[in-house]
């Protein structure tokens, strides 16, 4: 049965995220993902607070990267969280966002290698090893925790491009696919499958999640209106081949990008078309969202993550998902 | 507790630390039990959708989260915390909710005690 996850961005104050998290846990969500960007509030402080106020939801970074924080420190944070909420913690890690990394003077050096090495170091040190590691990106000369980490912590690899998706399938206990449209998710799942089989694993041993931009409301216009700002940023950051796959003119995406750069929200949001919303979000009434999720499930995903904006009113949206969407898939 | 002028509002004020403060707990006692759930629902919505995040004291936020975790936001102590937070973040909407739920007299009492 498909699991439902929910993503929060700690640009919001902790108390709002924790309120929604408790609500989501009660409403049948099984996973909480909190984004990790230096310019928002801290992911691990947010997750620690979530750990205190919840008792069954599984949670993790969604996703951190190996550049901004050394993997041993990420491992330390996650291992400590796993003491606070034993067995409910996962690591979500990906290559990070190039623009954000550059804004603090960091280069996204060898992203595939960096993620692979970071995951190796994470697994070794959280299993209590004294880690001597000579990688291309990371080196440790005897790194060991002075406390005993509790149990094996699952690693989810966030991925978008084909090579990273394949790597994610190969090394991840889970994969977070950054896509919303059935065409994109199907393509991504096939890449993941290649990695999974290369590693000699079975596909159903890996929790494959579609990490979506989601917006639900009983009124389609309100659902769309909430989705538009997020979709505008996704369109502006999408490579031409992805836009073309969805029949979106690159020129229109460039116009949105320019408007966003100029903080001209009216022009940027006004440039978002229904085709863009359909390509880059799961958006609509509960029935429409059910239909789209059902399509996505055909590709073989095992977790569906509702990400920003979730809805025009997040509390109402979580209620709609809990009362109408999750039960539909539990019955099926 | 937030300071309010007291003179015109004897029912919901109490002296504390040399100043007069609204006693939110006492205020909640005036709210009919039948209307508490509806009021708490509205107050939660005001707080969660407010743009005035910075006005929320962390201690008060933690009290609200504690009550939410126990699923007792409609209790007297839960509603007391919600009311205090809602009046800090969204005073106009909060007063409007009292009027909407036919408790205009309580809204009037709060207004009367507010700083001029």
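The values are calculated or read from the model by the stated rules, or taken from the named source; none is laboratory data. Since we're looking at a predicted model, the values are computed, not measured. All Cβ positions, glycine included, derive from the backbone under ideal geometry; neighbour counts span all protein chains shown.
Which of the following residues is surrounded by 14 or more Cβ atoms within 10 Å (Cβ to Cβ), free of Cβ contacts under 8 Å to residues at least 60 places away in the same chain and farther than 22 Å from residue A:15 by Cα: B:42, B:111, B:93? Talk me through it step by step, then tell me what you get.
Values: B:42 fails: farther than 22 Å from residue A:15 by Cα; B:93 fails: farther than 22 Å from residue A:15 by Cα.
After applying the criteria, what remains is B:111.
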Worksheet item: If you scan region A:13-24, which residues turn out to be farther than 30 Å from residue A:299 by Cα and more than 8 Å from chain B (Cβ to nearest Cβ)?
Response: A:17
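Would you point out which residue out of A:312, A:236, A:226, A:317 is surrounded by 14 or more Cβ atoms within 10 Å (Cβ to Cβ), at pLDDT 95 or above and in contact with a helix residue (DSSP H, G or I) (Cβ under 8 Å, 6 or more places away or on another chain)? Give the derivation first.
On the way: A:236 fails: at pLDDT 95 or above; A:226 fails: in contact with a helix residue (DSSP H, G or I) (Cβ under 8 Å, 6 or more places away or on another chain); A:317 fails: in contact with a helix residue (DSSP H, G or I) (Cβ under 8 Å, 6 or more places away or on another chain).
A:312 is the lone residue from the list that is surrounded by 14 or more Cβ atoms within 10 Å (Cβ to Cβ), at pLDDT 95 or above and in contact with a helix residue (DSSP H, G or I) (Cβ under 8 Å, 6 or more places away or on another chain).
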Fill in: Residue count for region A:48-78, restricted to those that are buried (at least 23 other Cβ atoms within 10 Å of the Cβ) and either away from chain B (no Cβ under 14 Å) or free of Cβ contacts under 8 Å to residues at least 12 places away in the same chain (or both)
12
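For the condition over 25 Å from residue A:289 (Cα atoms) and in contact (Cβ under 8 Å) with a residue 40 or more places away in the chain, what is the one hit in A:240, A:154? Show your work before the answer.
Numbers: A:240 fails: in contact (Cβ under 8 Å) with a residue 40 or more places away in the chain.
Going through A:240, A:154 in turn, the sole match is A:154.
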Practice prompt. Among the candidates A:29, A:8, single out the residue that is surrounded by 19 or more Cβ atoms within 10 Å (Cβ to Cβ), in contact with a strand residue (DSSP E or B) (Cβ under 9 Å, 6 or more places away or on another chain), touching a residue at least 24 places away in the same chain (Cβ under 8 Å) and within 14 Å of another protein chain (Cβ to nearest Cβ).
Written response: A:8
Worksheet, complete the sentence: Of the listed residues (A:234, A:326), the one being within 21 Å of the chain's Cα centre (by Cα) and not assigned by TED's automatic domain parsing to the domain that holds residue A:216 is A:326
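Okay, residues lined up against (1) without any contact (Cβ under 8 Å) to a residue 12 or more places away in the chain; (2) in contact with a strand residue (DSSP E or B) (Cβ under 8 Å, 6 or more places away or on another chain); (3) closer than 23 Å to residue A:49 by Cβ:
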| residue | (1), (2), (3) |
| --- | --- |
| B:58 | yes, no, yes |
| B:80 | no, no, yes |
| B:103 | no, no, no |
| B:107 | no, no, no |
Response to the item:
Those residues of region A:21-48 which are farther than 25 Å from residue A:66 by Cβ and more than 17 Å from the chain's Cα centre (by Cα) amount to A:22, A:23, A:25, A:26, A:27, A:28
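For residue A:118, are the conditions met, namely being buried (at least 16 other Cβ atoms within 10 Å of the Cβ) and assigned by TED's automatic domain parsing to the domain that holds residue A:35? Working first, answer last.
Values: buried (at least 16 other Cβ atoms within 10 Å of the Cβ): yes; assigned by TED's automatic domain parsing to the domain that holds residue A:35: yes.
Yes.
I'd like to check something: does region A:97-112 contain any residue that is at pLDDT 95 or above, part of a loop (DSSP other than H, G, I, E, B) and touching a strand residue (DSSP E or B) at 6+ places or on another chain (Cβ under 8 Å)? Give the steps one after another, and end with the answer.
The first filter runs over region A:97-112 and keeps only residues at pLDDT 95 or above, leaving A:110-112.
Narrowing the set further to residues that are part of a loop (DSSP other than H, G, I, E, B) leaves A:110.
Applying the additional criterion that residues be touching a strand residue (DSSP E or B) at 6+ places or on another chain (Cβ under 8 Å) yields none.
Within region A:97-112, not a single residue is at pLDDT 95 or above, part of a loop (DSSP other than H, G, I, E, B) and touching a strand residue (DSSP E or B) at 6+ places or on another chain (Cβ under 8 Å).
Yes or no, residue by residue, for (1) outside any helix (DSSP H, G or I); (2) within 14 Å of another protein chain (Cβ to nearest Cβ):
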site: A:277; (1), (2): no, no
site: A:289; (1), (2): no, no
site: A:292; (1), (2): no, no
site: A:299; (1), (2): yes, no
site: A:305; (1), (2): yes, no
site: A:309; (1), (2): yes, yes
site: A:312; (1), (2): yes, yes
site: A:315; (1), (2): no, yes
Worksheet item: Quick one: which strands (runs of 3 or more DSSP E) sit completely within region A:128-183 and have at least 2 residues that are surrounded by fewer than 19 Cβ atoms within 10 Å (Cβ to Cβ)?
Response: A:131-134, A:139-143
Discussion item. Can you tell me how many residues within region A:51-87 are more than 17 Å from the chain's Cα centre (by Cα) and within 15 Å of residue A:6 (Cβ to Cβ)?
Written reply: 3
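Residues that are away from chain A (no Cβ under 14 Å): which helices (runs of 4 or more DSSP H) entirely in region B:17-116 hold 3 or more of them? Spell out the reasoning first.
Details: elements: B:24-29, B:33-49, B:58-69, B:76-89, B:91-100, B:104-113.
Of the helices (runs of 4 or more DSSP H) lying wholly inside region B:17-116, those with at least 3 residues that are away from chain A (no Cβ under 14 Å) span B:24-29, B:33-49, B:76-89, B:91-100, B:104-113.
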Worksheet item: What residue, of A:221, A:257, is surrounded by fewer than 23 Cβ atoms within 10 Å (Cβ to Cβ), free of Cβ contacts under 8 Å to residues at least 24 places away in the same chain, touching a helix residue (DSSP H, G or I) at 6+ places or on another chain (Cβ under 9 Å) and farther than 19 Å from residue A:189 by Cα?
Response: A:257
